[in-house]
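Since the structure comes first, as structure tokens, the remarks are kept for the end.
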Amino acid sequence: MKLSTRGRYAVSAMFDLAAHGEGKPVSASVIAKRQKISVTYLEQLLSKLRQAKLITTVRGPSGGYVLAKKPGQITIGDIIKVTDGPIALANCVTDGDCCPKSGCCSTKALWHNLSEKIEKLLDKTSLANLCEEALK
């Protein structure tokens with residue numbers, strides 16, 4: 001499984017807010033510079049994260065983006081699901097009968113179980129966990 005650029009960049013942006021924001025607004029241009037992400041692309045991701053209520057915006061000259069919850073309350077799974085949708089290694093894991101072999105597929109259970117394990121790991125890993133790891 002390879003995460004999309006959207007997912008990876010969204011996690012990087014949220015990490016930046018958790019590690020550097022300290023509850024104060026951070027502009028998209030500052031995040032983009034630190035994380036080496038295009039500002040235009042980042043703003044699209046931040047819009048999705050705001051719609052999902054993972055971040056809020058502060059308007060004004062010293063405005064920017066702030067986490068909507070504490071870093072320990074936002075999981076990597078939350079972020080990935082907003083940007084990439086359901087976590088699944090194969091379409092049949094989320095779409096049900098998506099191919100002619102779905103009724104007799106010998107590997108569907110494997111992809112389902114593996115997808116569940118990945119989802120559980122992402123859902124138990126918070127932004128706070130990432131920040132702790134970065135300080136080691």
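The values are calculated or read from the model by the stated rules, or taken from the named source; none is laboratory data. Predicted model only: the values in this text are computed from it and were never measured. Ideal geometry is used to build each Cβ from the backbone, glycine not excepted, and the neighbour counts take in all protein chains shown.
Numbers for the structure displayed
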read-out: Pick from region 58-70, criterion surrounded by 14 or more Cβ atoms within 10 Å (Cβ to Cβ) and either within 15 Å of the chain's Cα centre (by Cα) or not aromatic (Phe, Trp, Tyr) (or both), ranking: nearest to residue 7 (Cα to Cα); value: 67
read-out: Region 115-131 residues that are modelled with pLDDT under 95 and surrounded by 14 or more Cβ atoms within 10 Å (Cβ to Cβ), paired with ones that are outside any helix (DSSP H, G or I) and β-branched (Val, Ile, Thr) (beta carbon under 8 Å, 6 or more apart); value: 115/87; 118/87; 119/87
read-out: Hits in region 35-93 - residues which are farther than 20 Å from residue 122 by Cβ, in contact (Cβ under 8 Å) with a residue 24 or more places away in the chain, not polar (S, T, N, Q) and not in a helix (DSSP H, G or I); value: 37, 58, 63, 64, 65, 66
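Conditions tested, residue by residue: (1) modelled with pLDDT under 90; (2) under 15 Å from the mean Cα position of the chain (by Cα).
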| residue | (1), (2) |
| --- | --- |
| 26 | no, no |
| 32 | no, no |
| 36 | no, no |
| 48 | no, yes |
| 55 | no, yes |
| 72 | no, yes |
| 86 | yes, yes |
| 95 | yes, no |
